[in-house]
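Just so it is clear, none of the values below were taken in a lab; they were calculated from the coordinates. Bear in mind the structure is a predicted one, so any value in this text is a computation, not a measurement. Cβ atoms come from the backbone with ideal geometry, glycine included; neighbour counts cover every protein chain shown.
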Amino acid sequence: MNILPPYSDLPKLGGLDVRHSWDVLSSPMGTLSFVEPEDIVRAGKLVSAGATIPLNLPINAFDPPLFGRAPIGHTVLQPTGNEAEDLIDSFNPQASSQLDGLAHVRAREFGYFGGLLELAEARERIGIQHVASRGIAARGVLLDIAERDGGEGLTPFDGRMYDTKLLNDVADAQGVEIQSGDVLLIRTGWAPGYLQLPASNRRPPSSWNGLRADETMAAWLWDHRIAAVGADNPAVECAPGARDIGSLHRRLLPALGMSMFELLDLETLSEMCKRLGRWEFLFVSVPLHLSGGVSSPANAMAIL
């Protein structure tokens, strides 16, 4: 990969407090292009326990569905006496564990990643099909902030902003070094905490812990050459956030070209990492190959 400038040298999008990589990172893969073949080879060497850990919740895990989405309908058809087929209605790839594609979010009048102004063009040039045609394989790193929070009696529902100092502190405490081309996963504890609530008590979520959405966080992710970032909460960034801080989705997806995994199941991975005493692993994801798609089920797995 060509040497890329630090975040502070990237140009800003007009009057927005948002820097973009459009002039230096033209690939439809965005920051996933940070993963070099040799990085995948090194990640493969992390497999020693032979453990495969899917990171996906059931596609209908959230009942009622989040954010007013329609519930998934599942019908099993029997076209002949010896066959059965599934029929899924109202399937939203973002209803459960999911990957935000680069055509998912627009930076206001400046457009989608690369400055693409029209959704139709963005779906063609940076749609999820480009990631699906290659797949994702990389070194994964889990920062288990929920483990730290639990020891301090904190909950994942408080809307706390995880800043870069916290990320550095947790990485240091776990003895793991963030490297170029990593897929960085943040365990907040939100998804299991929410799903443990009785269905009658599940209100539309409006507050959860997550990454702080400021420029310092975007700079940290870019300067570490993170290939993609994910979490077990609904947005990776915290909610409700703050207007004066801004949107991490806008800073990452349309500006830097960094895809985001959301609502991952990180519980078994956390337990395995603690048992093995290491927080790095081979991460793989094969998104849904949907031409013009703006998102996909995560289809993610950690291999240790």
**Complete:** In whole percents, the bins of 10 Å from zero upward hold the Cα-Cα pairs of region 168-269 as 14, 45, 31, 9, 0
**Message:** Considering the Cα positions of region 234-278, please state its Rg to one decimal place and its Dmax as a whole number of Å.
**Reply:** 14.6, 41
**Item:** Highest-MSF residue in the chain out of G73, G81, G241 [GNM, Cα springs under 10 Å]
**Value:** G81
**Request:** Before rounding to the nearest 500, sum -39500 (n - 2.57) across all DSSP H runs of length at least 4 in the chain and divide by the residue total; then give [θ] at 222 nm in deg cm²/dmol.
**Result:** -5500 deg cm²/dmol
**Item:** Length gained when the stretch T75-E152 is fully extended (0.36 nm per residue, less Cα-Cα span)
**Value:** 23.2 nm
**Request:** State the antiparallel share, in %, of DSSP beta bridges confined to the chain, rounding to the nearest 5.
**Result:** 65 percent
**Item:** Gaussian network model of the chain, springs between alpha carbon atoms under 10 Å - residue of N82, N168, N209 with greatest fluctuation
**Value:** N82
**Complete:** Honestly region 11-159 on the Cα gyration tensor test (a ≥ b ≥ c root eigenvalues; a/c under 1.5 rounded, otherwise a/b vs b/c for prolate or oblate) is just rounded
**Asked** For the chain, what is the Kirkwood estimate of the hydrodynamic radius, computed as the reciprocal of the mean inverse distance between distinct Cα atoms, to one decimal in Å?
**Response** 19.8 Å
**Interatomic Cα distance distribution for region 218-304, bins of 5 angstrom, percent** = 3, 11, 19, 21, 21, 14, 8, 2, 0
**Message:** Under 10 Å, Cα contacts only: if you run a Gaussian network model on the chain, which one of G189, G114, G15 comes out with the highest mean-square fluctuation?
**Reply:** G15
**Fill in**
Net charge near C238 (other residues with Cβ under 12 Å of its Cβ; Lys, Arg +1; Asp, Glu -1) is -2
**Request:** Arrange the following residues from fewest to most other Cβ atoms within 10 Å of their Cβ: L66, L116, L248.
**Result:** L66, L116, L248
**Request:** Under 15 Å from a label point 7 Å along Cα→Cβ of I40: give me every residue in region 179-206 with its amide N that close.
**Result:** 181-183
**For region 1-90, diffusion coefficient by Stokes-Einstein and Kirkwood Rh (Cα), 20 °C, 1.002 mPa s, µm²/s** = 112 µm²/s
**Item:** Charge context of I53, other residues only, Cβ under 11 angstrom, K/R +1, D/E -1
**Value:** -3
**Asked** Among the lysines, which have Cα under 30 Å from the Cα of K12 when same-chain residues fewer than 8 positions away are ignored?
**Response** K165
**Complete:** Full extension between L117 and F91 adds, at 0.36 nm per residue less the Cα distance, a length in nm of 6.6 nm
**Asked** Where the centre of each part is set by its Cα atoms, how far does region 132-170 sit from region 184-214, in angstrom?
**Response** 12 Å
**Asked** Counting Lys +1, Arg +1, Asp -1, Glu -1, what net charge surrounds G140 among other residues with beta carbon under 13 Å of its beta carbon?
**Response** 0
**Request:** Name the lysines eligible as straight-distance cross-link partners of K45: C-alpha to C-alpha under 29 Å, and not fewer than 8 places from it in the same chain.
**Result:** K274
**Asked** By how many nm would the segment from R202 to I3 lengthen if fully extended, with 0.36 nm per residue of separation less the alpha-carbon distance?
**Response** 66.9 nm
**Complete:** Expressed in nanometres to one decimal, the distance between label points 7 Å along Cα→Cβ at N168 and V24 is 2.0 nm
